[in-house]
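> This is the structure, below, for whatever I ask next.
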Amino acid sequence: MTRFVFAGYAFVHFLLFLWALNLWRRREAPGALILAIMAAGLVYDNSLISLGRAIGIGPTLETLSWPRFILHALVTPFLMIATLQIARTAGLEWAGKKLWQGAIWVLTLAMIVYGVVFDLLPLEIQPACVNDVVRFTSSTSPSQFCFADQTQNPGVGPPVPSIVADILIIIVGVM
């Protein structure tokens, strides 16, 4: 049943991808291209999770899983640029100032570097099985083990770039 939920997420993200792409092409909406790219990555992410059981644990699923982590590390920080573009369009005065624009770009690039160095390079993925979902993940606990001799993987820590992007999105949203 859970794999169908992820298939549903993939479908909804596909619709969001089409909507954002349409906004970008027809209205040149600020941030829409970044949101379209992010949605496309989430289509891939959720589709792969929903198909993991059918693909099965092995090198194929592992190889197909790596782009999920790479996309999260490289694309998620760009949500801050989309947020900046939306803030400018909304008329937030600070967002039109070169200093703030530069600061957001520097923060975005810093979060990409952080994600690559501290999340992606030391990353070790292993299979995780929960309900009817089979996927490769960066952290596993005994409740997610797929086989008897599997060992726990604590992962690399919290997703700092995603958290920083979310905080900026919340702040701008409140403004």
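> Out of (1) free of Cβ contacts under 8 Å to residues at least 60 places away in the same chain; (2) in contact with a helix residue (DSSP H, G or I) (Cβ under 8 Å, 6 or more places away or on another chain), the odd one out for residue 61 is which?
With respect to (1) free of Cβ contacts under 8 Å to residues at least 60 places away in the same chain; (2) in contact with a helix residue (DSSP H, G or I) (Cβ under 8 Å, 6 or more places away or on another chain), residue 61 is out only on (1).
> Determine, yes or no, whether residue 26 is open to solvent by 50 Å² or more (accessible area, probe 1.4 Å), in a helix (DSSP H, G or I) and basic (Lys, Arg).
yes
> Would you be able to tell me the number of residues in the stretch 66-122 that are small (Gly, Ala, Ser) and in a loop (DSSP other than H, G, I, E, B)?
2
> Can you tell me which residue within the stretch 11-23, out of those that are in contact with a helix residue (DSSP H, G or I) (Cβ under 6 Å, 6 or more places away or on another chain) and surrounded by fewer than 19 Cβ atoms within 10 Å (Cβ to Cβ), is nearest to residue 65 (Cα to Cα)?
Of everything passing the filter in the stretch 11-23, 14 is nearest to residue 65 (Cα to Cα).
> In the stretch 88-106, which residues are surrounded by 17 or more Cβ atoms within 10 Å (Cβ to Cβ) and touching a Pro at 6+ places or on another chain (Cβ under 9 Å)?
Across the stretch 88-106, the qualifying residue is only 88.
> What are the residues in the stretch 129-175 that are assigned to a helix (DSSP H, G or I) and touching a helix residue (DSSP H, G or I) at 6+ places or on another chain (Cβ under 7 Å), if any?
Within the stretch 129-175, 160, 161, 162, 164, 165, 168, 169, 172 meet the criteria.
The values are calculated or read from the model by the stated rules, or taken from the named source; none is laboratory data. Bear in mind the structure is a predicted one, so any value in this text is a computation, not a measurement. Positions of Cβ are backbone-derived with ideal geometry, glycine not excepted, and every protein chain shown enters the neighbour counts. Protein only, heavy atoms only, side chains kept; ligands, DNA and RNA dropped before computing areas. Shrake-Rupley method; radii C 1.70, N 1.55, O 1.52, S 1.80 Å.
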